[in-house]
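Read the figures in this text as sums done on the coordinates, not as results from a lab. What you are looking at is a predicted structure, and each value in this text was computed from that prediction instead of being measured. Counting neighbours? That spans all protein chains shown, and the Cβs are built from the backbone with ideal geometry, glycine included.
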Amino acid sequence: MGIALRLIIADHLHPHGVGKWPGKRKHAPLPGTLPAPYSSVMASPTIARVEALLNARRFDDAAKLLIKAASAGEAPALAELGHWRVAGNIVRRDLSAARTAFERAGAAGDRDSALLHAAFLASGVGGAADWPGALKIVRRLAPHDPRAAQQVRHLDAMPLDAQGIADAAPAPEVLSAAPRVEVYRSLLTAQECAYLVTAGSPSLQPSVVVDPQSGRLIPHPIRTSDNTQFGVYAEDMVVNAINRRIAAISGTAPEQGEPLQLLRYRAGGEYRAHMDALPGEPNQRVLTVIVYLNDGYEGGETTFVRRNVTFRGRPGDAILFANVTSDGRPDPEAQHAGLPVTKGIKLIATRWIRGARFTFPAPNSLLPY
Ligand SMILES: O=C(O)CCC(=O)C(=O)O
Ligand SMILES: [Fe+2]
């Protein structure tokens, strides 16, 4: 079997694309059709040897060397192995091992790894969520690291308790009883909206939809926007805290949410009538939350096409709606659209919330360990 087919980067987990994590060195692409399967954070003699082995396609030797160096406590090797354990393309995906690797690299002084460890603790990636533990890490880093300091500033201003539990939201305005559509005014502050836009914008890509014929992701006139997901590498503590607040208004657990998405529609962009629920999906997208992040555009209202319900939020306002009927089946009445933007740029954050915990399937790794 061709190697290229089996080496699939976990894009959905790595919205920045391997090699673009802040502070990371750039690598020449590997020969042939092989996608760059690794993402060194720090240069070191070991990493240089691992890189040379990869370029020579000696994957097994590369993995063995990296694992040995990580076991010996070399921080660059630990950080690198953490990324490999998340990507799951060369060695098996093991989020728990990734979390431990980032923890150890962080303890050895690598701030990128420490921030990732904090994010994994906050979001419960690779183990139980530990909000106070995560907070302790970013607070300790804050005097030395502007990203940590910025996170702490936002977190300190949020309606969350010491355990990261969001305050009960004020009662919503009800736009529609069936399907249930509710409005939560000022869920996010202007600063929080700006944070999401700044954090997500560099990774925006043209939106795609699932082609029902081939199952592949394809561009389609039904959805003419750019979007990005705040996957495991991008769901820092601020994004996680926002997800916790979205969970609180929706009465769900944060783990039920798919990664938060940032959507950008330029003039002419729209999301034509569709349902967020997926056909034949056992773990259904039961709820959707949309947060409006900006103003200064025209058009772009969200409309429930069968219900004559149309809404456009002010920056920070959110709507919550149900996509399924009381028996859990996709509700055709929940069909909705983002109307064409006629002027300016519309920015929203969307969270599709499943009936139960949401996890992406692990990719096939090249090596069995
Ligand atoms: O752009 C909008 O207002 C709707 C977005 C939407 O339907 C979605 O993200 O699922
Ligand atoms: Fe939708």
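Calculated translational diffusion coefficient of segment 173-278 (20 °C, 1.002 mPa s; Stokes-Einstein with Kirkwood radius over alpha-carbon pairs) equals 136 µm²/s.
Applying D = kT/(6 pi eta Rh) to segment 277-339, where Rh is the Kirkwood radius over alpha-carbon pairs, T corresponds to 37 °C and eta to 0.692 mPa s, the Stokes-Einstein value obtained is 258 µm²/s. Dimensions of segment 41-161 from C-alpha coordinates, computed as largest minus smallest value along each principal axis and given longest first, are 51, 27, 21 Å.
Among residues other than I222 with Cβ under 9 Å from its Cβ, the summed charge is +1 (Lys and Arg +1, Asp and Glu -1). Over the chain, the reciprocal of the mean inverse Cα-Cα separation, the Kirkwood hydrodynamic radius, stands at 21.6 Å. Our coupling estimate for segment 292-303, obtained by passing each phi through the Karplus curve with A = 6.51, B = -1.76, C = 1.60 and θ = phi - 60°, is 7, 10, 8, 10, x, 10, 10, x, x, 5, 8, 10 Hz, Gly and Pro reported as x.
Remark: segment 77-91, residue by residue, has Karplus-estimated 3J(HN,Hα) of 5, 4, 4, 4, 4, x, 5, 5, 5, 6, 5, x, 9, 9, 9 Hz, where x stands for each Gly or Pro and the curve is 6.51 cos²θ - 1.76 cosθ + 1.60 at θ = phi - 60°. Every Cα-Cα pair of segment 264-369 was included, and the share exceeding 23 Å stands at 37 percent.
At the listed q of 0.15, 0.17 Å⁻¹, the Debye profile of segment 173-354, built from one uniform point per Cα, gives log10 I(q)/I(0) equal to -0.85, -1.14.
Note on Q213 and N283: the model spin-label points, each 7 Å out from Cα along the C-beta direction, lie 3.0 nm apart. In this structure, the amide hydrogen of V181, modeled 1.01 Å from its nitrogen in the peptide plane, lies closer than 5 angstrom to those of L175, S176, counting only residues at least 5 positions away or on a different chain. Using 0.36 nm per residue and subtracting the Cα-Cα separation, the extra length available between S186 and K64 on full extension is 38.8 nm. The P(r) of segment 114-234 has a tail past 25 Å containing 45 percent of all C-alpha pairs. Under a 5 Å amide H cut-off, with hydrogens placed 1.01 Å from N, G299 pairs with T342 among residues at least 5 apart or on other chains.
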